[in-house]
Amino acid sequence: MAASGLKTAARRWIVPVLAGALMAGCAIVGPDFTTPAAPKQPHWVRAAVASHAQYAGVTERRQPSVEWWRRFNDPVLNQLVAMAYQQNLTLQIAGLRIIEARAQLGIVIGDQFPQTQKVGAEYKRERVSKNVGILRDIAEVIDFDPTFQTWSTGFDAGWELDIWGKVRRGIEAATANLVAQIADYDDVLVIITGDVATAYVTIRELQEELALARRNVNTQSESLRITELRFKNGVTTELDVDEAKALLNSTKAEIPALEADLVKAKNALAVLLGVPPGQIDGLVDRPGAIPRPPAEVGLGIPADLLRRRPDIRAAEMRAAAQSAQIGVAKADLYPQFGISGQIGFKATDLDDLFSNQSLTGLINPGISWDFLNYGRIRNNVRVQDARYQALIVNYQQTVLEAYSEVESALTAFLKAKQEALYLSRAVEASRKATRVAIEQYRDGTTDFTRVLNTQTTLLRTEQRLASVRADVVVNLIAVYKALGGGWQPANQRPFVNQANKDQMAARTNWGRLLDEDAITPSERALEPPPSPRLNPRRFEPADW
């Protein structure tokens, strides 16, 4: 009889409520996200005049290289970038944030199902007083046992129906946040790749400047020997000897500072590679020159930048997540429908607990509506909308900054190439002047001041040329970074390395959340859908 009553109540209350939920299931409140309008630039300013000799070597007709560092044809640089991908700690943190976002998404998915679920069992033994109320009168007539016991077990559940799409908007927000975290990971890849290449170029620059300083020390030592010999022979005064000594020791004094800067650059590179200082010395101490830039640099067109730059995609996805939050807030303006229920058994004696007569149950469809709090709810909607608009503007700002970074880096690259051309001519002339001055001084046709000036000019010009040659490469690296190059190879790499996975799995049951094959293609897509939808096969029931 009890079971029959429960069935009748189910037909009377649950079926109409579920039917209404299905009829209103498409009533998702709040705006559907679309990619915000962004400033457009038809061509790169510098590439548009690439026909001019000073802009030769850059073109919009070719897309930028994905693995751009390989275009420098430097095996050591290739090895360093590969090491950074595997060992950089900042990149590992970004990967762990993706795993965190996936777990947060699993929490939101669980809200589609009964939000409260509880199985319980209870034994209760109670003794009542015989001197309270009617029990005192009964005790005067009948002697009874004031001790009672109850055995019970059952299952309770409560479910707030997602009539207005509050949960679905929450899933959209969590999915967009997950895609944004993946874009952040890709952005870290872009930054780390550029930083590793820049640190390596700095090391090669300092090594070349050290070699130049030591070569000039040898040249100036020879000049000092000549002045001392001429002074002993009475051909010149001691002034020439002192000037030669001053120049020589001044050049020698530059070497310790360069060596200190070289150690600092190596240590900075070691941090990027996730290793202690000194462990990469054997790799970068091998003979090597400053990498040479490729003959031609592909830029693509500015419109492609919106698709390539991870920080632009991250800004777009954060706006998408906030757009969904408007729907979450708006859902509170409408009535909320829910069902709660309980089914179980209750009996005085344990032997009777699971008999038909011990069956108990409760079905409680309900509705709640915070209509007296409309002012607070509407203001919350306004808060979410204002945050959304701010993120739209932030997206537009990110696009403008990306355009600016490309143009600035491209200008610096092209101008550094011009400067390097002029300085290479200056170095060639200074070397010739230095040789002639020394020969003339040895023959006695000129004074030592001419030798001093030419050697000083040669040293400074060679140092400037080495610095500018490094600037050419560093500015080209900045161009590649600004174009968003370097992140795509991560599509074939795990977000979290095996060592971190093993530590996490030893502490916590992660289900399939640590499995890379559980990532859907849409999560890695260059252009995620405006309203990201979840593939529920990525999560098992235990993950909800």
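The values are calculated or read from the model by the stated rules, or taken from the named source; none is laboratory data. Quick caveat: nothing in here was measured; it's all calculated off a predicted structure. Positions of Cβ are backbone-derived with ideal geometry, glycine not excepted, and every protein chain shown enters the neighbour counts. These area figures cover heavy atoms from the full protein model, side chains too; ligands, DNA and RNA do not enter into them. Shrake-Rupley method; radii C 1.70, N 1.55, O 1.52, S 1.80 Å.
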Q: Just name the residue that is surrounded by the fewest Cβ atoms within 10 Å (Cβ to Cβ) out of those in the stretch 183-228 that are under 16 Å from Leu258 (Cβ atoms) and of a type in the set (Val, Ile, Thr).
A: Val217
Q) For Ser368, all conditions in the list (1) polar (S, T, N, Q); (2) within 30 Å of Leu239 (Cβ to Cβ); (3) open to solvent by 60 Å² or more (accessible area, probe 1.4 Å) hold save one; what is the number of the exception? A) (2)
Q. What are the residues in the stretch 260-290 that are of a type in the set (Val, Ile, Thr), within 19 Å of Thr193 (Cα to Cα) and assigned to a helix (DSSP H, G or I), if any?
A. Val271, Val284
Q) Given the conditions (1) among the hydrophobic types (A, V, I, L, M, F, W, C); (2) within 30 Å of Tyr200 (Cα to Cα); (3) open to solvent by less than 60 Å² (accessible area, probe 1.4 Å), and given that Ile93 satisfies all but one, which numbered condition is not satisfied? A) (3)
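One line per residue, one yes/no per condition, for (1) at pLDDT 90 or above; (2) under 32 Å from the mean Cα position of the chain (by Cα); (3) open to solvent by less than 10 Å² (accessible area, probe 1.4 Å); (4) farther than 19 Å from Pro294 by Cα:
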site	(1), (2), (3), (4)
Phe413	yes, yes, yes, no
Ala420	yes, no, no, no
Val427	yes, no, yes, yes
Ala437	yes, no, yes, yes
Asp443	no, no, no, yes
Thr446	no, no, no, yes
Arg464	yes, no, no, yes
Arg469	yes, yes, no, no
Ala490	no, yes, yes, yes
Q: Could you tell me which of the residues Asp285, Asp240 is more than 30 Å from Ala176 (Cα to Cα), surrounded by fewer than 16 Cβ atoms within 10 Å (Cβ to Cβ) and either at pLDDT below 90 or in contact with a Pro (Cβ under 7 Å, 6 or more places away or on another chain) (or both)?
A: Asp285
Q. Is at least one residue of the stretch 187-209 under 30 Å from Arg442 (Cβ atoms) and assigned to a helix (DSSP H, G or I)?
A. yes
Q.
I'd like to verify a number: residues in the stretch 114-134 that are open to solvent by 100 Å² or more (accessible area, probe 1.4 Å) and closer than 30 Å to Gly327 by Cβ, how many?
A. 2
Q | All positions within the stretch 331-353 that are among the hydrophobic types (A, V, I, L, M, F, W, C), part of a strand (DSSP E or B) and surrounded by 18 or more Cβ atoms within 10 Å (Cβ to Cβ) | A | Phe337, Ile339, Phe345, Ala347
Q: Test Ile312 against the criterion of being open to solvent by less than 10 Å² (accessible area, probe 1.4 Å), touching a helix residue (DSSP H, G or I) at 6+ places or on another chain (Cβ under 6 Å) and in a helix (DSSP H, G or I), and give yes or no.
A: yes
Q: Starting from residues that are at pLDDT below 55 and either touching a helix residue (DSSP H, G or I) at 6+ places or on another chain (Cβ under 8 Å) or of a type in the set (Phe, Trp, Tyr) (or both), keep the ones in the stretch 50-64 and report whichever is most open to solvent (accessible area, probe 1.4 Å).
A: Gln54
(Q) Considering only the stretch 135-142, I want to know if a residue exists there that is surrounded by 11 or more Cβ atoms within 10 Å (Cβ to Cβ) and touching a residue at least 12 places away in the same chain (Cβ under 8 Å). (A) no
(Q) Quick test of your reading of the structure: Gln325 fulfils all but one of (1) part of a helix (DSSP H, G or I); (2) open to solvent by less than 20 Å² (accessible area, probe 1.4 Å); (3) more than 30 Å from Arg215 (Cβ to Cβ). Name the failing condition by number. (A) (2)
Q: Would you mind telling me which numbered condition in (1) small (Gly, Ala, Ser); (2) open to solvent by less than 20 Å² (accessible area, probe 1.4 Å); (3) outside any helix (DSSP H, G or I) Ala157 fails?
A: (2)
Q: Determine if the stretch 277-300 includes at least one residue that is closer than 30 Å to Asp32 by Cα, of a type in the set (A, V, I, L, M, F, W, C) and in contact (Cβ under 8 Å) with a residue 24 or more places away in the chain.
A: no
(Q) Could you check the stretch 302-327 and list, in sequence order, the residues that are more than 22 Å from the chain's Cα centre (by Cα) and within 16 Å of Tyr480 (Cβ to Cβ)? (A) Pro302
